[in-house]
Amino acid sequence: MDWRFGIAYNATPRLCTIPVYAEGHRPERNLQHYRAIQALAVILGPKRGADADYLEICRKKRNVIEYDAVGAVTDDDATELVAFVVELRDRILAWLREHHPEFSGS
């Protein structure tokens with residue numbers, strides 16, 4: 001469960017960086033992942049603010065399983081995060097096709 005959760009979480013900063021770069025921004029290396037996640041609501045719209053909040057909760061859990069304790073997440077936590085990542089990927093790809101088709105590969 002821990003590995004599954006950690007791997008799913010590690011995909012989120014990379015996904016969140018896609019719209020940031022597509023919009024022509026290059027976040028400073030310091031806190032780059034945090035800033036990319038927080039930019040979701042700014043770039044994709046205010047409805048994505050809840051996504052950033054959810055990912056902050058997941059980041060804290062990931063830090064616990066990475067640095068402090070084994071078994072701090074449940075199978076349900078991991079399943080929920082994997083589903084979220086798949087949905088986030090689909091939303092970002094749809095946004096990319098609509099706003100930056102030159103990067104969408106379509």
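The values are calculated or read from the model by the stated rules, or taken from the named source; none is laboratory data. Not measured: the values here are computed from a predicted model. Neighbour counts run over all protein chains shown; Cβ positions are idealised from the backbone, glycine included.
General observations
- Of all residues in the stretch 1-10 being surrounded by 16 or more Cβ atoms within 10 Å (Cβ to Cβ) and of a type in the set (A, V, I, L, M), the one that is nearest to Leu40 (Cα to Cα): Ala8
- When the residues of the stretch 60-78 are filtered to those that are in contact with a helix residue (DSSP H, G or I) (Cβ under 8 Å, 6 or more places away or on another chain) and surrounded by 13 or more Cβ atoms within 10 Å (Cβ to Cβ), the one that is nearest to Arg14 (Cα to Cα) is Arg62.
- Flag for Glu23 being surrounded by fewer than 18 Cβ atoms within 10 Å (Cβ to Cβ) and either of a type in the set (Phe, Trp, Tyr) or in contact (Cβ under 8 Å) with a residue 12 or more places away in the chain (or both): yes
- Filtering Val85, Val42 for residues that are closer than 16 Å to Ala8 by Cβ and not hydroxyl-bearing (Ser, Thr, Tyr) leaves a single hit, Val85.
- Looking across the stretch 88-106, the residues that are part of a helix (DSSP H, G or I) and not aliphatic (A, V, I, L, M) come down to Arg89, Asp90, Arg91, Trp95, Arg97, Glu98, His99, Pro101, Glu102, Phe103, Ser104.
- Contact map, the stretch 48-77: residues that are among the small types (Gly, Ala, Ser) paired with residues that are surrounded by fewer than 16 Cβ atoms within 10 Å (Cβ to Cβ), Cβ distance under 7 Å, separation 6+ or inter-chain. Pairs shown: Ala72/Val64.
- Just one of the numbered conditions (1) surrounded by 14 or more Cβ atoms within 10 Å (Cβ to Cβ); (2) outside any helix (DSSP H, G or I) is not true of Val85: (2).
- When we screen Tyr9, Tyr34 for residues that are among the hydroxyl-bearing types (Ser, Thr, Tyr), closer than 16 Å to Asn63 by Cβ and modelled with pLDDT under 90, the only hit is Tyr34.
- Within the stretch 22-78, the set of residues being part of a helix (DSSP H, G or I) and among the small types (Gly, Ala, Ser) comprises Ala22, Ala36, Ala39, Ala41, Gly49, Ala50, Ala52, Ala78.
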